[in-house]
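The values are calculated or read from the model by the stated rules, or taken from the named source; none is laboratory data. In this text the structure is predicted, and so the values were computed from the model without any measurement. Heads up, the Cβs are rebuilt from the backbone with ideal geometry, glycines too, and the neighbour counts pull from every protein chain shown.
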Amino acid sequence: MTDELPDTDVIVVGTGPAGATTALALATYGVRVHAVSRWNWLANTPRAHVINQRANEVFRDLGVEADISAKATPWELIGDTTFTTSLTGPEVARLRTWGTGDHRRSDYLLGSPCPLLDLGQPQLEPILVDAAATRGAQFSFNTEYLDHSEDADGVTVTFRNGIDGHVWSRRARYLIGADGAKSAIAQKIGLKIVGEHARAGQIYAYFRADLSTYVAHRPAVLHYVLNQDTGYGELGLGVLRAVQPWTEWMAGWGFDKSAGDPDLDHNNALQRIRGLVGDPHLDAEIQWVSPWYVNQAYATSYGRGRVFCCGDAVHRHPPSSGLGSNTSVQDAFNLAWKLGYVLKGWAAPSLLDTYTAERGPVGKQIVERANQSRFDYAPLRAALGAVPDGPGLTAGLARIRERSTEGAAARAALVAALDLKSYEFNAQGVELNQRYSSSAVVDDPADGNETWKRDPQLYLQATTRPGAKIPHTWLVNSRGRRVSTLDVTGQGRFSLVTGLTGSAWEDAATTLCVPWLRTVIIGNDECQDLYGDWARLREADEAGALLVRPDGCVAWRHRAAVHNTETALHLLTEALHTILGVDPRHISADHDFAAISGQPHILDTTQVTEGVTS
């Protein structure tokens with residue numbers, strides 16, 4: 001027999017980037033949420049680290065961007081990815097990455113108010129959990145998900161305390177599985193996972209050593225090493241990743257799965273690390289050595305009934321392209337506002353069906369992109385002769401420096417191979433060009449198919465088309481300070497964006513009188529378009545309107561001017577009805593968006609008696 005805690009709104013299993021962001025967003029929106037983890041605390045290994053612009057925009061919206069930036073390696077130090085024979089040996093090439101190059105930096109500055117950052121999960125997750133708990137989320141650690149049952153009104157979830165074995169249960173309206181690549185919840189609800197697991201192998205070693213002498217003058221978080229000892233596995237390269245510049249590191253190298261279990265001996269790993277660094281006497285303090293397997297798999301559906309999954313539970317892939325935790329954070333952001341609106345009666349449960357429709361294609365895309373980024377190292381190896389039919393790495397490196405036609409051809413092949421790697425390291429389009437298509441987006445048939453002016457993987461195309469993220473540009477408030485278009489939208493509300501001549505839209509929103517809809521007048525004192533950039537970006541008449549969802553997605557657009565309040569009210573009501581599945585004129589206004597305040601709350605599940613938590 002199990003004890004049972006009082007009801008909550010949402011139970012989240014997992015406290016990684018997906019689970020912690022879900023808990024933070026739900027708590028911010030005033031939803032009762034209880035997050036659990038089978039572990040004693042949060043991540044204890046570096047794992048994911050690059051925070052891309054879209055994930056950082058999510059953190060900005062949730063009010064934790066500044067806390068994350070304070071601990072992260074800044075954009076300018078993410079730097080030039082190097083390809084070298086060792087940290088002490090001759091360099092082969094450098095690649096300007098993560099938008100830091102002179103020819104791409106302006107694209108990144110124009111595309112978002114947020115820079116890229118580098119911060120490992122052991123530093124990121126506590127920030128998210130602390131903020132979520134401060135806003136009212138409950139957390140239980142040493143708490144293992146066992147099972148759940150669903151009925152018409154909710155979900156009963158059974159857990160086991162990892163310390164004393166105590167079994168207990170709790171009711172919730174919804175359950176979220178953010179429990180990783182071996183998700184028990186995804187398996188329980190029968191999510192179909194297509195693709196291949198463990199198709200290649202890699203070894204990672206986490207170590208401490210001060211390598212400032214070798215890298216401080218060429219700051220980068222990634223150094224790829226090509227020498228005679230690194231030609232194993234799928235990549236055929238070794239890698240050194242800076243966890244904390246420049247004293248904490250991850251070293252990685254491939255192994256042949258067909259040869260059996262990999263060698264994880266610390267002494268052998270030390271020799272491998274010394275080879276990557278190029279210092280045979282390096283004093284490295286190894287913390288652990290572990291195998292890691294390359295997956296290429298994704299779920300075709302992200303939920304069943306009242307149970308949804310996010311993060312690695314539904315998309316499983318290598319860290320190439322830095323898309324893993326970033327996509328997980330965005331899954332959470334997409335799902336959380338929809339749950340909040342359904343729970344508060346502001347949307348029909350059918351809104352939750354749009355979660356798979358919108359995030360499923362993104363998950364598939366990033367699984368394919370991350371794996372392709374690994375395959376795209378083959379031309380680099382070929383340019384250096386490090387392929388079965390090539391002259392070998394030593395001869396290939398010598399050829400790169402030859403004053404001959406063969407040397408010129410090899411150098412041209414190397415440049416082409418580096419250009420290909422921009423699809424891994426400078427793919428702003430992959431990160432920001434998502435276009436949602438679902439019943440929560442009202443398409444305008446007059447828009448037709450989108451025409452891409454530049455490569456959509458490499459370059460962001462800012463647009464106000466429904467389904468796209470609202471474009472970033474800088475406005476100026478009444479205090480003369482710059483604010484982004486992202487700062488005056490979001491924060492849990494729908495935003496009706498119009499211009500100074502769009503008073504009919506403002507009157508329509510006032511007539512609806514719902515707390516989750518704000519009107520943003522571009523051109524008033526708080527949103528001055530002093531640069532004129534919004535006028536260039538809006539793709540609509542000044543008296544037209546955009547309806548922006550809580551997650552920043554443009555849900556609906558009326559490009560033509562409207563000056564009649566009755567017409568504006570009809571159009572706005574019709575759009576909201578389509579998106580939310582309920583008539584906004586019949587929605588209760590009992591709830592507001594006041595922030596949840598209080599102290600961090602770690603729920604003690606070792607003492608659960610008759611539904612009372614002590």
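Among the residues of region 357-378, which ones are surrounded by fewer than 22 Cβ atoms within 10 Å (Cβ to Cβ) and of a type in the set (S, T, N, Q)?
Matches in region 357-378: Gln365, Gln372.
Restricting attention to helices (runs of 4 or more DSSP H) lying wholly within region 375-449, give those where 1 or more residues are modelled with pLDDT under 90.
Here the list reads 393-400.
Filter region 290-313 down to the residues that are in a loop (DSSP other than H, G, I, E, B), within 10 Å of Gly363 (Cα to Cα) and either without any contact (Cβ under 8 Å) to a residue 12 or more places away in the chain or in contact with a Leu (Cβ under 7 Å, 6 or more places away or on another chain) (or both) and list them by number.
Cys310
Given the residues Gln434, Gln491, which is the only one that is closer than 21 Å to Gln365 by Cα, under 25 Å from the mean Cα position of the chain (by Cα) and touching a residue at least 40 places away in the same chain (Cβ under 8 Å)? Spell out the reasoning first.
Numbers: Gln491 fails: closer than 21 Å to Gln365 by Cα.
So the residue among Gln434, Gln491 that is closer than 21 Å to Gln365 by Cα, under 25 Å from the mean Cα position of the chain (by Cα) and touching a residue at least 40 places away in the same chain (Cβ under 8 Å) is Gln434.
Filter region 243-265 for residues that are among the small types (Gly, Ala, Ser) and part of a helix (DSSP H, G or I); which is farthest from the chain's Cα centre (by Cα)?
Ala259
Under the condition of being buried (at least 24 other Cβ atoms within 10 Å of the Cβ) and among the aliphatic types (A, V, I, L, M), which residue from region 312-346 is nearest to Asp376 (Cα to Cα)?
So the residue we want is Leu323.
Criterion first (in a helix (DSSP H, G or I) and either at pLDDT 95 or above or touching a strand residue (DSSP E or B) at 6+ places or on another chain (Cβ under 7 Å) (or both)) does Asn326 satisfy it? Outline the logic, then answer.
Values: in a helix (DSSP H, G or I): yes; either at pLDDT 95 or above or touching a strand residue (DSSP E or B) at 6+ places or on another chain (Cβ under 7 Å) (or both): yes.
So Asn326 fits the description; yes.
Residues that are in contact with a helix residue (DSSP H, G or I) (Cβ under 6 Å, 6 or more places away or on another chain) and not polar (S, T, N, Q), at least 1 per element: which strands (runs of 3 or more DSSP E) completely within region 1-95 meet that?
Filter on region 1-95 gives 3-13, 33-36.
Assuming Ser478 fulfils every condition listed in (1) closer than 17 Å to Gly111 by Cα; (2) surrounded by fewer than 16 Cβ atoms within 10 Å (Cβ to Cβ) apart from one, which condition is it?
That leaves (1) as the condition not met.
Taking only pairs six or more apart or across chains, which ones have beta-carbon atoms under 6 Å, a first residue in region 496-508 that is farther than 19 Å from Leu576 by Cα, and a second residue that is of a type in the set (A, V, I, L, M, F, W, C)?
Within 6 Å, the pairs are Gly499/Ile522; Thr501/Ala543.
Is there a residue being buried (at least 18 other Cβ atoms within 10 Å of the Cβ) and part of a strand (DSSP E or B) anywhere in region 109-117?
Initial filter on region 109-117 (buried (at least 18 other Cβ atoms within 10 Å of the Cβ)): 111-117.
From what's left, part of a strand (DSSP E or B): 117.
Taking every residue of region 109-117 in turn, at least one turns out to be buried (at least 18 other Cβ atoms within 10 Å of the Cβ) and part of a strand (DSSP E or B).
Could you tell me how many of the residues in region 167-182 are assigned to a loop (DSSP other than H, G, I, E, B), buried (at least 16 other Cβ atoms within 10 Å of the Cβ) and on the phi < 0 side of the Ramachandran plot?
Looking only at region 167-182, we keep the residues that are assigned to a loop (DSSP other than H, G, I, E, B), and these are 178-182.
After this cut, where a residue has to be buried (at least 16 other Cβ atoms within 10 Å of the Cβ) as well, the list is 178-181.
Now drop any that are not on the phi < 0 side of the Ramachandran plot, which leaves 178-179, 181.
Total meeting the criteria: 3.
Restricting attention to region 76-94, which residues are within 25 Å of the chain's Cα centre (by Cα) and surrounded by 21 or more Cβ atoms within 10 Å (Cβ to Cβ)?
Ile78, Gly79, Thr81
How many of the residues in region 1-32 are modelled with pLDDT of 95 or more and acidic (Asp, Glu)?
1
Which of the residues spanning region 339-394 are free of Cβ contacts under 8 Å to residues at least 12 places away in the same chain, touching a helix residue (DSSP H, G or I) at 6+ places or on another chain (Cβ under 8 Å) and among the small types (Gly, Ala, Ser)?
Gly390
Just give me the residues in region 123-177 being among the β-branched types (Val, Ile, Thr) and either modelled with pLDDT under 95 or farther than 19 Å from Cys309 by Cβ (or both), in sequence order. Break it down into steps so the answer makes sense when it comes.
Pass one, region 123-177, residues among the β-branched types (Val, Ile, Thr): 127, 129, 134, 143, 155-158, 163, 167, 176.
Within region 123-177, Ile127, Val129, Thr134, Ile163, Val167 meet the criteria.
I'm trying to understand the selection: among the residues of region 532-559, which are assigned to a loop (DSSP other than H, G, I, E, B) and within 29 Å of the chain's Cα centre (by Cα)?
Passing the criteria: Arg538, Glu539, Arg549, Pro550, Asp551, Gly552.
Identify all residues within region 1-26 that are under 19 Å from the mean Cα position of the chain (by Cα) and either farther than 18 Å from Val314 by Cα or of a type in the set (Gly, Ala, Ser) (or both); write none if there are none.
Gly14, Gly16, Ala18, Gly19, Ala20, Ala23, Leu24, Ala25, Leu26
Check Leu270 against each of (1) buried (at least 22 other Cβ atoms within 10 Å of the Cβ); (2) not in a loop (DSSP other than H, G, I, E, B) and name the one condition it does not meet.
(1)
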